[in-house]
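Data first, discussion second: the structure below is written as structure tokens.
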Amino acid sequence: MKTLIKGGRILDPATGHDAIGDLWIQDGKIESITPPGAKAPQTKDHVISAAGLAVAPGLVDMHVHLREPGAEYKETIASGTRAAAAGGITSVACMPNTDPPIDNLAMVELVLSKAKYQGVVNVYPVACVTRGREGKVLTEMGELKAAGVVAVSDDGDPVSSPALMRCALQYAGMLDLLMINHAEDKGLSGKGVAHAGFQSMLLGLSGIPRSALEVMIARDLILAEETGSRIHVPHVSTEGGVRMIREAKARGVLVTAETAPHYLVLTDDSLQGYDTNVRVNPPLAEQKDQEALLAGLRDGTIDAIATDHAPHSRREKEMEFALAAPGICGLETSLSLILTALVETKILTLLQAVQCMSFNPARILKIPKGTLKPGADADVVVFNPQAERVIRASAFLSQADNTPFDGWKVKGEVVMTLVGGRSVFENNEHTKAIHPA
């Protein structure tokens with residue numbers, strides 16, 4: 001089947017392409033990009049009008065909690081992938097802090113099977129570093145990689161033992177398997193629930209110091225440098241973390257890093273009112289930290305933007321701040337938040353934003369996504385970067401609605417998402433307009 005996406009602003013960060021044109025898809029693969037009106041094959045089964053819209057590689061979210069197995073009341077692979085498609089995301093890397101955790105071959109096969117038959121976007125499992133996420137015995141990384149995992153992490157908990165982490169990096173390095181270590185020294189964070197600063201003191205909330213995050217980042221950078229292995233730092237949120245990663249990259253350490261949209265649009269000032277939807281881990285920090293994150297995105301210190309999608313039920317959020325589960329439901333808001341906060345303000349160009357949300361995470365995970373090159377899988381998002389909308393948590397396709405962005409006026413609306421050339425999400429308000437007769 002041949003599909004033509006006609007007259008859109010085509011963005012391909014893999015090649016730097018940013019121009020109006022036509023995108024041709026043949027049998028689930030990208031066939032070509034041609035200038036508007038250029039002579040092209042006339043046979044086509046499906047035409048999508050993209051005039052005034054952006055056409056980009058489907059977004060790649062490298063940090064997602066799908067909660068299945070074990071917490072299907074929060075999210076399932078089916079609901080989470082539908083939510084991803086609604087957000088323009090065509091590939092997700094799912095974290096292993098499930099119940100039971102993804103620490104063996106059977107669990108990887110379960111996730112992949114569920115994703116194949118119930119999911120609508122590509123699902124790439126991340127497996128545990130240690131058995132049971134207990135930080136004691138390493139998993140069979142070689143077997144896990146052969147089964148299809150793209151990285152290892154005990155996300156939610158760090159690998160606390162430096163000796164075990166060094167050994168894990170050596171094994172992962174031999175397998176060319178990405179190591180993602182939760183950046184937190186729990187001896188320092190203790191029972192803290194908010195960033196240790198003026199706001200937490202004012203509100204009477206127990207604080208988590210920057211050092212709780214930065215000590216772990218520093219340790220992992222040292223071990224990665226010594227072993228020559230790849231390390232990825234998730235959910236970077238502090239000025240010191242950005243500085244250390246920048247310096248390590250300058251020395252040649254094989255480090256990559258991500259931050260999340262909520263750290264780019266919120267600070268700990270949002271704690272006023274004790275809204276449990278702004279309780280996240282690591283916690284929202286200060287204005288200077290946010291400015292450092294933005295600078296890190298501009299200069300390439302921070303490679304990727306990932307949601308850290310953490311769905312929770314209402315009963316886990318509608319309680320005292322200190323007792324509420326940390327996390328934000330982010331799959332359906334990330335693109336709009338980045339377009340509004342970073343592209344509209346010219347902190348990043350539209351092409352750079354797409355790069356941070358598609359090509360760069362795909363490159364880090366070493367998966368064949370995030371590009372519109374001929375021959376690539378036709379994973380595509382069509383969106384209107386100028387459309388104004390109001391975020392409505394009640395309309396989420398996720399099973400969860402824990403977001404501090406409910407009611408926010410933002411720019412950017414996903415019109416259509418395709419995976420392998422097949423439509424997996426269409427915005428009903430735009431469907432008639434984009435399918436010319």
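Brief remarks follow.
- Checking every residue in region 74-89 against the condition of being in a strand (DSSP E or B) and either within 16 Å of the chain's Cα centre (by Cα) or in the same structural domain as ASP18 (by TED's automatic domain parsing) (or both) gives at least one match.
- Among the residues making up region 1-24, those that are assigned to a loop (DSSP other than H, G, I, E, B) and at pLDDT 95 or above are PRO13, ALA14, THR15, GLY16.
- Where LEU105 falls short, out of the listed (1) within 18 Å of the chain's Cα centre (by Cα); (2) more than 25 Å from GLU258 (Cβ to Cβ); (3) of a type in the set (A, V, I, L, M): (1)
- Meets criteria (part of a loop (DSSP other than H, G, I, E, B) and in contact (Cβ under 8 Å) with a residue 60 or more places away in the chain) for LYS346: no
- If you check ILE302, ILE328 for being of a type outside the set (S, T, N, Q), farther than 23 Å from TYR274 by Cβ and modelled with pLDDT of 95 or more, only one passes: ILE302.
- Pairs where the first residue, in region 144-170, is at pLDDT 95 or above and the second is part of a helix (DSSP H, G or I) and polar (S, T, N, Q), C-beta under 8 Å, 6+ apart: ARG166/THR227; LEU169/THR227; GLN170/THR227
- Flag if ASN104 is closer than 20 Å to ALA172 by Cβ, surrounded by 18 or more Cβ atoms within 10 Å (Cβ to Cβ) and either among the polar types (S, T, N, Q) or at pLDDT below 95 (or both): yes
- Residue check for VAL159: within 22 Å of THR130 (Cβ to Cβ), among the hydrophobic types (A, V, I, L, M, F, W, C) and in a loop (DSSP other than H, G, I, E, B): yes
- Residue match in region 115-123 (condition: in a helix (DSSP H, G or I), hydrophobic (A, V, I, L, M, F, W, C), in the same structural domain as ILE328 (by TED's automatic domain parsing) and within 19 Å of GLU68 (Cα to Cα)): yes
- Residue in region 128-150 that is touching a Gly at 6+ places or on another chain (Cβ under 9 Å), assigned to a loop (DSSP other than H, G, I, E, B) and closer than 30 Å to THR417 by Cα present: no
- Against the list (1) touching an Asp or Glu at 6+ places or on another chain (Cβ under 6 Å); (2) over 16 Å from ARG230 (Cα atoms); (3) crowded, with 20+ Cβ neighbours inside 10 Å, the condition VAL129 fails is (2).
- Going through (1) in a strand (DSSP E or B); (2) out of contact with any Ser or Thr (no Cβ under 6 Å at 6 or more places or on another chain) one by one, GLY37 falls short only on (1).
- Complete set of residues in region 291-318 that are at positive phi and in contact with a strand residue (DSSP E or B) (Cβ under 8 Å, 6 or more places away or on another chain): ASP308
- Taking the listed residues SER336, SER313, the one that is touching a residue at least 60 places away in the same chain (Cβ under 8 Å), out of contact with any helix residue (DSSP H, G or I) (no Cβ under 8 Å at 6 or more places or on another chain) and surrounded by fewer than 19 Cβ atoms within 10 Å (Cβ to Cβ) is SER313, with no other qualifying.
The values are calculated or read from the model by the stated rules, or taken from the named source; none is laboratory data. Model, not experiment: these values are computed from the prediction. All Cβ positions, glycine included, derive from the backbone under ideal geometry; neighbour counts span all protein chains shown.
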